[in-house]
Every structure is written in structure tokens, then in C-alpha cells.
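The values are calculated or read from the model by the stated rules, or taken from the named source; none is laboratory data. Keep in mind that what you see is a predicted model, and the values were worked out from it rather than measured. A quick note on method: Cβ atoms are made from the backbone with ideal geometry, for glycine too, and the neighbour counts reach across all protein chains shown. The accessibility values were calculated without ligands, DNA or RNA, using every heavy atom of the protein model including side chains. Shrake-Rupley method; radii C 1.70, N 1.55, O 1.52, S 1.80 Å.
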Amino acid sequence: MSERFFLSSAACAGRAVLEGDEARHLVRVLRGKVGDMVRVFDGSGIEWPARVVTIGRDEVTLELGEPTAVAVATTLPLTLAVALPKGERQKWLIEKLTELGVARLVPLVTLRGVAEATPAAIERLRRGVLEACKQSGRNTLMGIGEPRSIAELLRERPDAARMLVADPGAPLLEAAELQPDATAVIALVGPEGGFAAEELAVLEAAGVVRVGLGPHILRVETAAIALAARLT
Ligand code: SAM
């Protein structure tokens, strides 16, 4: 079986336990059996081959093989602060950003936002990250941050982080926008109705650079993916 499973509890003495949805997926959906080989990852970058040793009602015990190398990021870690779109488009956004290697997604609270990042919505986003990691071979989870307003993001910004805002009509994003001494990038994407003038004024006053993504108006998720494709 070439399936990948997420380990939410720590391995101990070469053994680990799959729990909850992951265990049910292996046993009930994939009809896994004792002796089957699978692959597991813990979200920190490590992956193991594993053999099923026992199958319980809601948990599966695995014997772990040799871990494979920890994935090393080759670009600056990218945080995207995005005014979330609604419904299915949210799911799609999470899948693509995880595949592209974005380090963290922060639901951005804006004046014209249309989707509230409730605790249940955040939980759905986290599940989406897990699914995309399992399917794409990514071994580090994309973080899902707590919802943040522009003021909070500015207050919490680490000193050496480069901050950008995607704004239609601004000069095209070039890699040169990134300061050589930047240690991370935080890029903002507004809601379907766009950022309000006062939000853009606050960002500009804080030195956040406006960047364009081409001549067309992109949906929120397309703009986020275009940024991710250029910056990861
Ligand atoms: N009428 C809105 C405006 O003018 O801002 C359109 C908003 S657009 C649907 C949603 C968000 O995606 C924008 O706030 C911006 O952050 C980003 N975006 C869309 N198209 C873009 C482009 N061509 N360049 C840069 N950012 C873009």
C-alpha cells in the first residue's frame, strides 16, 4: 500500500499509533491488514516507512522503519495573509497553497471580507492541509494561523520580515522586491471587493510594498496562488 498517513502522536521505541480519522481511513476505507506497508509523516519534515502490526477499533499500531531525510526549505518562508473566499474556493486555496510549499496561511480580517474564519472553518482548513500533504508528498504541514486584522499583522511583524500587499495596478512583483536581508515574507491578499482605501493607506504608511500580478483582476485564490508560485 503506497498511502501516506499523518501521525498525530509521537513515536516511541520504533512504534507509533495511528488514531482517529487516519486509523479509520486505513482500516475501513483502504481495508488495510496486519503486515501491510504504508508511509507516515508527522508534519515536522520526517517520513517513515511503516508496517501495520495491530489493528484496533479506532487505532492502528505501526512499526517504523528508517526515517527519510528532513525536507529543507530553499526559499524564504512565505506567510500569506488572505481575506478568505467562500466555500469550495477556500478548499481549493488550501490545497494549492499547501502543494506550492507556503509556510503559513493567516485568515486576514478586512473591512470588505465575506467569509468569517470561525473555529469550525479553521478546523476545516487544517484538515484540508493534512489531505493536501498526504496527497502531494509534502512532509511539513502548512501552518494555519489565527485570524488577524491588518493592524495586528503589522504589530506582530518580525523585524526582518518583508511585507507585501497584492494590489491591482501596482508595479509587477519582481523577486528584487525582497530585501537581501529579509528572513521571511508576509504577503497580503484582499477580499473580492478589494481593500478599502483606508486599509491601503495604513499599509502604505507602514512601508508595506504594493505589488501587481498582471493586467487582469484575479479572484482572491488566484492572486494567492500567483504570489505563492512567485515567492516559494
Ligand atoms: N476590485 C477589487 C480591487 O480593485 O482591489 C478586486 C479585488 S480582487 C478580486 C481580490 C484581491 O486579489 C485584491 O484585493 C488583491 O489583493 C488581489 N489581486 C487581484 N488581482 C490582482 C492583480 N492583478 N495584481 C495584484 N493583486 C491582485
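With an 8 Å cut-off on Cα pairs and a minimum separation of 6 or more residues, tell me the relative contact order of the chain in percent.
Rounded, it is 21 percent for the chain.
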Original post:
Where in the chain lies the longest segment free of trypsin sites (Lys or Arg not before Pro) that are both loop residues by DSSP (not H, G, I, E, B) and have at most 14 other Cβ atoms within 10 Å?
Top reply: 113-218
Original post:
If r is the Cβ-Cβ distance from residue 63 to residue 111 and R0 is 35 Å, what FRET efficiency results, to the nearest 0.05?
Top reply: 0.05
Original post:
For the chain, what ratio Rg/Rh do Cα atoms give with a Kirkwood hydrodynamic radius?
Top reply: 1.04
Subject >> Extension gain from residue 157 to residue 204, taking 0.36 nm per residue of separation minus the Cα-Cα distance >> reply: 15.4 nm
Original post:
Which value, in Å², gives the accessible area per residue of the chain when a 1.4 Å probe is used on the protein heavy atoms?
Top reply: 51 Å²
Original post:
With a Cα-only, solvent-free Debye model of region 4-69, what are the log10 I(q)/I(0) values at q = 0.22, 0.24, 0.27 Å⁻¹?
Top reply: -0.83, -0.99, -1.26
Original post:
For the chain, which whole percent of the accessible surface, found with a 1.4 angstrom probe, sits on carbon and sulfur atoms?
Top reply: 54 percent
**OP:** Work out the length of the dipole vector of region 62-116 about its Cα centre, built from +1 on the beta-carbon of each Lys and Arg and -1 on the beta-carbon of each Asp and Glu, and round it to the nearest 20 debye.
**Re:** 440 debye
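How big is the antiparallel share of DSSP beta bridges in the chain, given as a percent to the nearest 5? Please list the in-between numbers first.
Values: 18 of 43 bridges.
In the chain, approximately 40 percent of DSSP beta bridges are antiparallel ones.
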Subject >> Kirkwood hydrodynamic radius over Cα pairs of region 121-232, then Stokes diffusion coefficient at 10 °C and 1.306 mPa s, in µm²/s >> reply: 103 µm²/s
Subject >> Per-residue HN-Hα couplings for region 148-158 [Karplus 6.51, -1.76, 1.60; θ = phi - 60°; Hz; x = Gly/Pro] >> reply: 9, 7, 4, 4, 5, 4, 5, 5, 8, 4, x
